[in-house]
Structures are given as structure tokens and as C-alpha cells.
Amino acid sequence: MDNCKIKKTGKDFTLVVAGQIISLFGNAILRFSLPLYLLRKTGSPTLFGIVGACSFLPMIVLSLLGGVLADRVNKRNIMVCLDFLTAGIITLFSFLLGTAPMIPLFITALMLLYGISGTYQPAVQASIPVLVPKEKILFANAVVNQVGALANFIGPIIGGMLYGTFGITLILRVSIVCFILSAIMEIFIQIPFQRHPAQNKILQIITKDLRDSLCFLRFEKPIFVQICFVTAGLNLFLSSMITIGLPVIIVDKLCLTDSLLGITQGLLAVGGIIGGLLTVLLDKRLLPYKAHITLYLCTACSCLLGIGMAAGAAPMTKYIILSVMGLTITIFSTMFSIQMLAVVQAQTPENLIGKVIACIMTIIMCVQPMGQLLYGYLFEHLANESVIIIGASLLSLVIAIYSKKVLSKLKSDNNCLTEI
């Protein structure tokens, strides 16, 4: 137990944050450029959705493995190895691009990258409670969220300029450098870790660990499962609509430039930054059992977006409406996510945090491929995008109303209100 009693300091958390800045910037320019390259080359929203859905599948499976590893393997080693592995995959992809068949190459590369991300994130999330005091968990989550949002703000804007000027090749080279630098920086992180003796085979260990976490969710914290279903529903109907609809509307429907797409995706990241800042500034005023209010605001903004797309306005006017409403949706959804993550981290035993977060992430992500397939098909076969957006808004409103009933159960949970 000695390793678990290492004094929590800010240096190692700072290194985690710094590594995340570099690594997530590399991720951001890739997530912007690779789908855009594919959409430009094929011109098919349906194919765009299919590739995105296939890419998500390994992330769902490997998130569970990532949760087990995060509780049984040194979290620093997970981060370092996966960043080096990502750099290697992008290097191989850059050599094969232009020679191998494009669609299988993109599906394979994106499946590998998303799978690595699914394994990587539980290690980052599980490291927060052991690197910061319990009363600082909400603040630390907001910082990590801000880092991701900042990278997602800068990445698409720079990616849009680089892609429009130099093409995909330079994007790949920059991302390779980012992952290598991140891995080198992470080598110097010290994360408290207690090695568990391996008395069983690896498959038995994984099965037992996942069973423990599922039992914890089912019998001790069933409300976490209900929160998962709320978040998964919003991912299915709202997040997937934004993920697929935003590039399709800007590039295919409005016929605008790659740089404008990059600016809009950057503004979505700004929404994440603002949402994180508001969470920190409002801190004690944000009560988890009232978090459904932010979901009401998300659906209201989404409905306004659909109405704006229905108006007979010029393409640039619609572009501004799309960007502003996307920004506000991200602000409120970020505030909701940070609050719910803080609740889970504060109320989960330290030896289960990685696995529980991984299970929750898996439940939430299971719907993502279905959403991407659905909206890829709808945006290609329905000429009126406003009908799609308003329909998604109404379904999201139903989920938000249900969330009020679910989150009201947190009001009687004194631990929830005092530990975060």
C-alpha cells in the first residue's frame, strides 16, 4: 500500500495536462482532416457515416479493456505506450495513402486510432482522483476538459488552414510529431500505483474486474446506469446529428470552404472551454440534481438551429446560425458532462474508478455508430436538413424531461452533494 500513499502534488497532474495538450492537438487535426478528406473524395454522407460508425466499434470494446488496465497497470505506462503506438500507426498510414484502396485503409486506420483512444482515456480519467485531493476533483475534471476543448479549438482551425494549403500529408507529419512529444513528456509522470498480484489468467482477471464494476453499478449505484442511458440517448439523437450534420451541411449543402468548416469546429471547442469555465466559476452553485436544466437549454438551441436552417437565408447567414447554435449546445452539454463525471468519480472506490468509468463510457458509446449511420443516411436522402435537426431536437427534449426524474434522486444523496 506504500505506493498508494504517495503525497498528491500538482507537478504530476501538470505533466498529465501538458501531455494531453500535445496529444489531443494531434488528435484534433486528425479528426478534422481525415473525415474531411474522405468526404471531399467520395461526396457521400452515407459512406461518411458508415466509415465513422465502423471506426467507433473498437473504441467501444477497448474502452472496457482500458478500464481494466487503468486499475491494474501503471497508468503512465499506458499513456506512453499508446502515444508511441499512435505515432507508428499514422506513419504507416502516411506511407500507404495513395497506394492502398482508400475506403479499407481509412476504416482500418480510424478503427485502430479510435480503439487506442478508447484504451487511453480511462487511464487519464482514473489518474485524476489519485493525483489531486478529493475536493479538487471537479476542478481537475474541468481543467482536463478545458485542455481537450482548447486542443479541439486550435486543431480544426490550424488543420483547416494546413489542409487547404498543403493537403493531408503535412497534417499527418504534424500529428506524428505531437504523439511522439506527448509520449516523451509522459515518461516523467509519477502516478501512485499499487501492483496487483496476477494469480489468475488475464482473461479471468478481465472477466472478474468487469463483473465487479457491473455489480457496483447494478447494486450500489444504479442511478449511474440511468445517467448513462440519458447521456447515451443524447449521443444518439443530438451529438451524432452534430457530428455528421455539421461537415455535411457546411461542405455539401452550403458548399462553403474547408477553412470555414475548421472555424466552426473550432467554435464548438470554444463552447467546451466556456462550459468548463462556467463549471469552475459556478462550482458550488451547480447542484447535480438540477443538471437537467442544461439539457433543456441544449435542446432549445438545437431547435433554434433547425428553424434557422429552414429559413430562406443566404448560405453565410445559415453558416453563422449553425456556428452560434453549435457553440451554445456545446457549452451546456459540457457543463452537464463535467458534473456527472465528478459525481461518478467522487462516489466510486479508488480500486474501481477505471473500470466503472470504462463501463459507463462503453454504454454511452454503444449508440454512437448507430447515430452516425442514421444521420449519414438521413442527410443524404432527405433534402430538407431542418426536418432532421428539429426531429432530433424533439427526441432530445423527451430525454431531457426524463433526466429530470432521474437526477432528482441525487437530491437525497448527501454524499453526492458534499464530496464534489
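The values are calculated or read from the model by the stated rules, or taken from the named source; none is laboratory data. A quick note: this is a predicted structure, and the numbers were derived from the prediction, not measured. A quick note on method: Cβ atoms are made from the backbone with ideal geometry, for glycine too, and the neighbour counts reach across all protein chains shown. Quick note on the areas: whole protein, heavy atoms, side chains included, nothing else; ligands and nucleic acids left out. Shrake-Rupley method; radii C 1.70, N 1.55, O 1.52, S 1.80 Å.
At a glance:
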quantity	calculated
Heavy-atom SASA rank of 381, 292 (probe 1.4 Å, accessible area, largest first)	381, 292
Residues of region 214-265: accessible area per residue with a 1.4 Å probe, Å²	37 Å²
Prolate/oblate/rounded label for region 1-156 (Cα gyration tensor, a/c 1.5)	prolate
Share of carbon and sulfur in the accessible heavy-atom surface of the chain [1.4 Å probe, %]	69 percent
Eligible lysines near residue 11 by straight Cα distance, threshold 20 Å, same-chain separation 8 or greater	75, 134, 136
Protection-proxy order for peptides 324-336, 36-48, each taking the mean of Cβ atoms within 10 Å per residue, highest first	324-336, 36-48
Per residue accessible area of region 316-413, 1.4 Å probe, in Å²	39 Å²
Length-normalised contact order for the chain - Cα pairs under 8 Å, 6+ apart - percent	29 percent
Region 91-175 - accessible surface per residue (Å², probe 1.4 Å)	41 Å²
Pairs of lysine residues in region 280-420 - Cα separation under 24 Å, sequence separation of 8 or more or cross-chain	9
Cα shape, the chain, gyration tensor, a/c 1.5 rule	oblate
Loop-located chymotrypsin sites (Phe, Trp or Tyr not before Pro) in region 230-308, at most 13 other Cβ atoms within 10 Å (DSSP)	none
GNM result for the chain, Cα springs below 10 Å: residue of 397, 304, 282 fluctuating most strongly	282
Solvent-accessible ranking of 405, 11, largest area first, probe 1.4 Å	405, 11
